[in-house]
Amino acid sequence: MASPYRVNLPVYEGPLDLLLDLIRKQEMDIHNIPIAKITEQYLDYLHQLEKYDIDVSADFVYIAATLIHIKSKMLLPADPLAPPEEQEDPRGELVHRLLEHEKFKNAAQLLYQKQQIEDHVWSRPDRALYSGDAVEGELAVSLLDLVKTFQQVLERRKATPNFELRHETVTIAQMMDRLRQRLMAGEGGVSLSEFFETCTTRRAMIVALLAVLELVRMQAVILAQQDLFTDIQLRKHTMFDAVLAGPDAMAKIEEQYL
């Protein structure tokens, strides 16, 4: 009896992953993408998915339409009388999104590698960061606990159908300010999982994770659990006001990420 015919297609987490893979494997200049060639290859991948009756998500279709639109704009001759903003490279926004996506993907990979290391290492958190009556009797939280919470929220998000095509643009500094305002609005802490849940896109969730890591590094917040396996709480560190006080505090942080 003949063995069944098997077809193996690479699996991508999203359309930007697919585009980056096509660009990097062919060593293309990401700032000068051959849009006609990359569009043809991208559509060919989608056609293969349809051929084998594999569902194509709305995100992939949206990027396909974007590529076709860019390709059509590049085929038209430039209008010499058009204002400067209309003479910009039609690929500019897509290139920016790809570079941002690659940066966050690399950051996520770095966190995963750190998690793998911590899985095989017993760590002893610095208890000096958790001293005081407010956190007496609570458990210190490691990077591994933080990443696990992020992964749990991310898995729940994947399990929920989402057809939202709006691209939420938020910077790390803006996300830090969002968390700062929530901490200042109440005396209690902020649930880490609930904070991640407020992010409407996967990209915003990654930005939120990086914002939390940066605030911990600056000793503006602490992470603690009441009991083992309970929800992680973000709370003000004793240095919170010193680090984030003043009208120019967030402006200075914004400058660091420009």
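Read-outs: derived from the displayed coordinates by stated rules, not from any lab. Every value quoted in this text rests on a predicted model; they were computed, and no experiment measured them. Cβ sites come from the backbone with ideal geometry, for glycine too, and all protein chains shown count toward neighbours.
In nanometres, what is the gap between the two model label sites at residue 174 and residue 99, each 7 Å from Cα along Cα-to-Cβ? For residue 174 paired with residue 99, the spin-label model returns 1.8 nm.
With just the Cα atoms defining each centre, how far is the stretch 23-66 from the stretch 77-98? Give it in Å. Their Cα centres are 21 Å away from one another.
Footprinting exposure proxy ranking of 55, 177, fewest other C-beta atoms within 10 angstrom first, gives 55, 177.
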